[in-house]
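A.B. asks: First, the structure itself, so that you have it in front of you.
The values are calculated or read from the model by the stated rules, or taken from the named source; none is laboratory data. Note that the coordinates shown come from a computational prediction; the quantities given were computed from them, not determined experimentally. Glycine gets a Cβ as well: all are built from the backbone with ideal geometry, and neighbour counts include every protein chain shown.
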């Protein structure tokens with residue numbers, strides 16, 4: 001644990017000093033601030049942020065997580081030549097990447113929303129937005145690590161990470177839109193529920209839109225999800241699914257990392 | 001002669017490629033051993049197996065009575081200098097050194113008693129790194145990074161030093177200082193294992209030589225034995241002779257030379 005914390009601390013320091021993370025934070029801050037100004041209402045701004053941040057944050061988590069682990073491969077060999085266990089190193093590496101990303105998202109999105117909420121007397125949904133975005137980041141970094149420890153070739157691994165993002169966003173939405181207009185709704189209900197739980201980004205979207213009560217933005221899977229579970233149970237099921245999307249890829253990646261030839 | 005490292009029947013396969021084929025090697029304690037061989041002979045895989053970076057498919061590695069089996073504690077006794085130093089770009093040299101010190105559990109004083117393996121700060125001066133201590137590693141030249149690499153490998157008075165092409169990238173002064181340091185380590189009683197293609201560098205350093213081809217040992221013994229069995233007076237020529245012949249009965253450890261190379 002001590003070793004993992006030490007690896008995480010130095011990893012965090014390395015990542016936090018990189019220029020790109022500053023750019024990412026400024027971009028998120030600019031996006032949140034622009035929506036607050038355009039909407040004139042914090043709650044609506046937070047709801048308006050849902051779709052863009054659900055596209056951006058998993059992409060950044062996947063790309064950055066995979067790039068980081070591929071880039072650190074030689075250094076990791078050097079670290080493992082010290083009296084360091086693989087489990088500790090893996091935990092430290094993951095925290096060293098995920099924590100600065102979480103921090104920048106919390107500040108970039110959270111600061112303008114919190115400030116605006118203070119002046120507008122509160123904003124329901126802001127906290128849930130930040131928590132769900134954070135969970136999605138933890139999940140996408142875990143998936144990125146799983147990709148990087150499974151696929152040795154960096155170019156192929158990065159390609160898979162990008163394809164995974166495309167599949168979970170654009171292709172998934174397109175596929176459901178196509179199917180829902182060609183097949184009767186009742187046939188699709190169960191597959192739609194399963195598909196949602198198998199897609200962390202869709203799960204996160206439903207979790208957020210149920211809070212903001214924006215049925216129009218939920219799409220087909222969101223509507224089915226709410227009809228099936230109702231808002232309360234639906235939130236619990238979606239939250240549990242999202243937690244699973246953090247834990248299972250992370251455990252699988254850690255297991256592969258412990259057994260891999262480095 | 002006592003062996004620091006005993007490797008018996010080591011096998012490793014990457015997919016269809018058999019890299020180590022039942023390798024038996026002894027690395028004598030307190031001596032400098034050169035590990036040489038053509039490309040793809042298995043040198044890197046052997047070193048990685050000793051460091052626990054790859055999992056052998058079979059065989060046994062023993063470091064001075066400790067079986068290498070996944071427990072990382074034995075690596076307290078190893079100093080490793082990889083061929084290509086790859087450090088986090090945004091960390092400073094001083095931070096990297098402290099990071100590695102922390103992983104090694106080095107403290108100036110433990111429970112009122114000085115730690116037995118004090119880190120050797122004087123090596124930072126020996127390798128002219130004093131002016132670079134507060135510079136980010138990403139801004140340093142390849143030669144300076146290699147000096148950082150050396151200063152870290154020799155920092156902890158390791159019992160076994162594994163040096164992978166240690167002089168690559170160093171200027172003549174850096175090379176001379178490194179070679180002096182290797183000799184000093186040998187005098188101290190450390191065991192040094194050097195992999196290198198530059199045999200002229202090894203000529204005045206190595207006491208022993210292990211020559212690998214296709215994952216098997218073709219020669220293992222003192223350099224004097226090698227010169228005798230190859231009937232040459234030059235290490236470079238002797239190894240060239242080994243490369244020319246199809247097969248040589250292996251000479252194990254310090255056993256009398258029985259191989260006929262002619």
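A.B. asks: What are the residues in region B:202-214 that are surrounded by fewer than 23 Cβ atoms within 10 Å (Cβ to Cβ) and assigned to a loop (DSSP other than H, G, I, E, B), if any?
C.D. replies: Of all residues in region B:202-214, those surrounded by fewer than 23 Cβ atoms within 10 Å (Cβ to Cβ) come to B:203-205, B:207, B:213-214.
B:204, B:205, B:207, B:214 - these are the residues of region B:202-214 that are surrounded by fewer than 23 Cβ atoms within 10 Å (Cβ to Cβ) and assigned to a loop (DSSP other than H, G, I, E, B).
A.B. asks: Look at region B:93-108 and say how many of its residues are at the interface with chain A (Cβ under 8 Å from one of its Cβ atoms) and under 13 Å from residue B:156 (Cβ atoms).
C.D. replies: Residues in region B:93-108 being at the interface with chain A (Cβ under 8 Å from one of its Cβ atoms) and under 13 Å from residue B:156 (Cβ atoms): 5 in total.
A.B. asks: In this structure, is residue A:66 surrounded by 17 or more Cβ atoms within 10 Å (Cβ to Cβ), within 30 Å of residue A:261 (Cα to Cα) and away from every other protein chain (no Cβ under 14 Å)?
C.D. replies: Criteria met by residue A:66.
A.B. asks: Next question. Got a sec? Which helices (runs of 4 or more DSSP H) wholly within region A:118-220 have at least 1 residues that are modelled with pLDDT under 80?
C.D. replies: By residue number, A:172-182, A:185-197, A:200-212.
A.B. asks: Moving on. Give me the pairs: first residue in region B:42-53 and within 9 Å of chain A (Cβ to nearest Cβ), second residue in a helix (DSSP H, G or I) and surrounded by 23 or more Cβ atoms within 10 Å (Cβ to Cβ), beta-carbon distance under 8 Å, and six or more apart or on different chains, which are they?
C.D. replies: What qualifies is B:51/B:75; B:52/B:75.
A.B. asks: Name the single residue that is nearest to residue B:134 (Cα to Cα) among those in region B:68-92 being in contact (Cβ under 8 Å) with a residue 12 or more places away in the chain, within 7 Å of another protein chain (Cβ to nearest Cβ) and within 20 Å of the chain's Cα centre (by Cα).
C.D. replies: The residue in question is B:87.
A.B. asks: Which numbered condition trips up residue A:98, out of (1) in contact (Cβ under 8 Å) with a residue 40 or more places away in the chain; (2) more than 14 Å from every other protein chain (Cβ to nearest Cβ); (3) surrounded by fewer than 18 Cβ atoms within 10 Å (Cβ to Cβ)?
C.D. replies: Failed condition: (3).
Condition check ((1) in contact (Cβ under 8 Å) with a residue 60 or more places away in the chain; (2) away from chain B (no Cβ under 14 Å); (3) surrounded by fewer than 18 Cβ atoms within 10 Å (Cβ to Cβ); (4) touching a strand residue (DSSP E or B) at 6+ places or on another chain (Cβ under 7 Å)) across all residues:
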site	(1), (2), (3), (4)
A:7	yes, no, no, no
A:15	yes, no, no, no
A:18	no, no, yes, no
A:30	no, yes, yes, no
A:37	no, yes, yes, no
A:45	yes, yes, no, no
A:51	yes, yes, yes, no
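A.B. asks: If you don't mind, another one. With respect to residue B:91, determine if the residue is crowded, with 21+ Cβ neighbours inside 10 Å, farther than 16 Å from residue B:162 by Cβ, at pLDDT 85 or above and in contact with a strand residue (DSSP E or B) (Cβ under 8 Å, 6 or more places away or on another chain).
C.D. replies: Yes, satisfied.
A.B. asks: I'm checking my understanding of the structure. Among residues of region B:1-41 that are within 26 Å of residue A:260 (Cβ to Cβ) and in a loop (DSSP other than H, G, I, E, B), which one is nearest to the other protein chains (Cβ to nearest Cβ)?
C.D. replies: Of everything passing the filter in region B:1-41, B:15 is nearest to the other protein chains (Cβ to nearest Cβ).
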